[in-house]
Amino acid sequence: MKLQQLIYAVKVAECGNITEASRRLFVSQPSITASIRELEAEMGVTIFERSNKGVVVTEEGETFLGYARQVLEQVDLLEERYCGEARQVPHFSVSCQHYSFAVNAFVDVIRQFDAARYDFTLREEQTHEIIEDVSHMKSELGILYLSSRNREVIEKMLRQNELEFAPLFRAEPHVFLSSSHPLAGRSSVTLDDLQDYPYLSYEQGDYNSFYFSEEILSTLDRAKNIRVRDRATLFNLVIGLDGYTVCSGVISAELNGEGIVAVLLDVDEYMEIGVITRKNSQLTRYGEAYVEALRRHI
């Protein structure tokens, strides 16, 4: 097994097809194809399922690529230590639910480790994707929440995937509203106060169970429901439709503007937001800096 083979495999997985990987790596397609086939044969693993439309990473391939990324990260650190700054290309990835403080912390890490070259990734994703990313080492860490309603199921999934949860903070549920919303000036609101307004939530795909919902109390019956995939769309609809979403209450005016406010939701519940990592793993300096930055923004 050669490092170059791992580089090819990781790049193909990133691009989704060999043609684009070939273009980015300045290597011929036949060379990449042959190299990956040799790697699969030597390791006894099928990394990719191939079709006319490109390649798809297999389940065992995801695990293999997770280890490959770790190896390449260690190579980067060795080159940085012994080959000088000119060879340094920092790599760091985070998967998280849709939290503005997670974005702010990511910005802090990039500023702290600013260099001529770096390769950082921030994924705002569905809950099950966060767990999969960290389990397969696609991301170094993930950010999600636990509550009395989802804790048993999520903690079981974390154990099955050899992950652990480290709490960051415990929050009382709030709602995000438009600053012009009729309820925006209240110190707190009840579910009855909100019943006539559209409820916004993040769609969870095939895992659309309340256990994976980003919004606490998602099982309650609501007359008006809208599901979205990204934070910008959700906030635009909150403002445009006088809608609301349930959240931790931590908001960034710098990222989200002055048009969104957080109001306490009067319910007997909690959200414990924390970081998930692989068991017995040690955070890189980027991961450690990111966790420190998170604590500054919450």
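The values are calculated or read from the model by the stated rules, or taken from the named source; none is laboratory data. Computed from a prediction, not measured in an experiment: that's the story for all the values here. When we count neighbours, we look across all protein chains shown, and the Cβ atoms used for this are built from the backbone with ideal geometry, even at glycine. Calculation scope for accessible area: heavy atoms of the full protein, side chains included, ligands and nucleic acids excluded. Shrake-Rupley method; radii C 1.70, N 1.55, O 1.52, S 1.80 Å.
In the chain, the C-alpha radius of gyration followed by the widest Cα-Cα span (Dmax) gives 21.5, 65 angstrom.
Compute the FRET efficiency between Leu72 and Val107 as 1/(1 + (r/R0)^6), taking r as their Cβ-Cβ distance and R0 = 35 Å, and round to the nearest 0.05. E between Leu72 and Val107, to the nearest 0.05, is 0.90.
Report, to the nearest 10°, how far helix 285-297 tilts away from the longest principal axis of the Cα atoms in the chain, using its own Cα long axis and a range of 0 to 90°. For helix 285-297, the angle is close to 10 degrees. Taking trypsin sites (Lys or Arg not before Pro) across the range 199-274, the ones in a DSSP loop with at most 13 further Cβ atoms lying within 10 angstrom of their Cβ are Lys224.
I need the Kirkwood Rh of the range 229-298: take the reciprocal of the average 1/r across all distinct C-alpha pairs and report it in angstrom. Answer for the range 229-298: a Kirkwood hydrodynamic radius of 15.0 Å.
Run the numbers for Phe169 and Glu288: contour at 0.36 nm per residue of separation, minus the present Cα-Cα distance, in nm.
41.2 nm
Taking 7 Å steps out from each Cα toward its Cβ at Ser188 and Arg117 produces label points 5.5 nm apart.
For the range 108-253, the orientation-averaged shadow of the C-alpha convex hull comes to 10.6 nm² (one quarter of the hull surface). Over the range 81-164, the hull volume per residue, using the convex hull of the C-alpha atoms, is 108 Å³. In the range 165-246, the ratio of gyration radius to Kirkwood radius, Rg to Rh, stands at 0.96 when only Cα atoms are counted. Given +1 at the Cβ of Lys and Arg, -1 at the Cβ of Asp and Glu and no other charges, the dipole of the chain around its Cα centre is 700 debye to the nearest 20. The count of lysine pairs in the chain with alpha-carbon distances below 20 Å, taking only pairs 8 or more places apart or on different chains, stands at 5. Computed in the context of the full set of protein chains, the accessible area of the chain at 1.4 Å probe radius has 46% of its extent on carbon or sulfur.
For the range 1-123, the extents of the C-alpha atoms along the principal axes are 41, 38, 25 Å, listed from largest to smallest. Entry comment: accessible area of the chain is 51 Å² per residue, from protein heavy atoms only and a probe of 1.4 Å.
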